[in-house]
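The values are calculated or read from the model by the stated rules, or taken from the named source; none is laboratory data. Computed from a predicted structure; not experimentally measured. Every residue, glycine as well, gets a Cβ built from its backbone with ideal geometry; the counts of neighbours run over all protein chains shown. Side chains are part of the model used for accessible areas, which takes the heavy atoms of the whole protein and leaves out ligands, DNA and RNA. Shrake-Rupley method; radii C 1.70, N 1.55, O 1.52, S 1.80 Å.
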Amino acid sequence: MEEFNILEFLKYYWSKILFVGLFIAIGLIGSYIYTFSTQVPVYQSQTSLVLTKNESNNNTITQTDISINKNLLSTYRQIIKSRRILEAVIKNIYLDIDYETLSKQVEVSSVEDTELIVISVYNENNKLAKYIADEIANVFKNEIVEIYNIENVSIIDKALISDKPYNVHVLKQFIMGAGFGFIISSLIIAFFFFIDDSIKTEEDIETKIGLPVLGSVPKYEKKKR
């Protein structure tokens, strides 16, 4: 196996630096076109709920109430994305989408070691994302009373209208485009370097045929008169 010469590779790589620059430029142009012409901006709105004590009694909240609420967290997350809740939201605010489509736009999570539930809605319309998030919280709060016959859900923060798209990161996407161009061009250069078996130096002759070089003929350049 032929020995890899890092210095020789670096010299070869540097001779192709314009090729690398071309691919980096192509990556930047591609990122620009994707970011500002192709990519569809999606906005995120969030509302948060907290599980509290049952409002039907006036006693202060106990450790038992906290334990019960924490056990209900995972169940409540599933109920929020249930057909019963989301179809009621679609009907209430006259959405022109079906349950499956809305379900893909909704994400429900809980904050670790708390009784907080966060409802996130993703939509191409920032105002609509806010209205959907708020309506999901309202419908869930009302429906849970009928389902469990308890009132232990309170809305902490209502959703806000987001001004910045959730999925658009201009600097990050430009860096990724430039990095992709750099990696592709470097792999191409490395490929051609390893398949290039032409003789470039006296050392190449000794390495390939195993015989010492007795002499060399310098390149003759005709002098101008």
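Some points to look at:
- Qualifying positions in the stretch 1-27 - exposed (fewer than 14 other Cβ atoms within 10 Å of the Cβ) and either among the aliphatic types (A, V, I, L, M) or in contact with a strand residue (DSSP E or B) (Cβ under 9 Å, 6 or more places away or on another chain) (or both): 1, 6, 7, 10, 17, 18, 22, 25
- Listed by first and then second residue, the pairs with beta-carbon distance under 8 Å, at least 6 apart or on different chains, first residue in the stretch 13-29 and under 24 Å from residue 169 (Cβ atoms) and free of Cβ contacts under 8 Å to residues at least 24 places away in the same chain, second surrounded by 16 or more Cβ atoms within 10 Å (Cβ to Cβ) and among the aromatic types (Phe, Trp, Tyr), form an empty list.
- If the condition is being open to solvent by 20 Å² or more (accessible area, probe 1.4 Å), under 13 Å from residue 77 (Cβ atoms) and either aromatic (Phe, Trp, Tyr) or more than 21 Å from the chain's Cα centre (by Cα) (or both), then the stretch 113-126 contributes 115, 116.
- Residue match in the stretch 127-138 (condition: in a helix (DSSP H, G or I), surrounded by fewer than 17 Cβ atoms within 10 Å (Cβ to Cβ) and touching a residue at least 12 places away in the same chain (Cβ under 8 Å)): yes
- Considering only residues in the stretch 88-112 that are open to solvent by 80 Å² or more (accessible area, probe 1.4 Å) and within 25 Å of the chain's Cα centre (by Cα), the one that is nearest to residue 123 (Cα to Cα) turns out to be 104.
- Every pair of residues 6+ apart whose Cβ atoms lie under 6 Å, when the first sits in the stretch 169-180 and is closer than 19 Å to residue 23 by Cβ while the second is small (Gly, Ala, Ser): 173/31; 174/31; 177/27; 177/30; 177/31; 178/27; 180/27
- Neighbours by Cβ (under 8 Å, 6+ apart or cross-chain): first from the stretch 66-80, under 11 Å from residue 110 (Cβ atoms) and among the aliphatic types (A, V, I, L, M); second open to solvent by less than 40 Å² (accessible area, probe 1.4 Å) and at pLDDT 90 or above: 73/117; 80/106; 80/108; 80/117; 80/119; 80/136; 80/140
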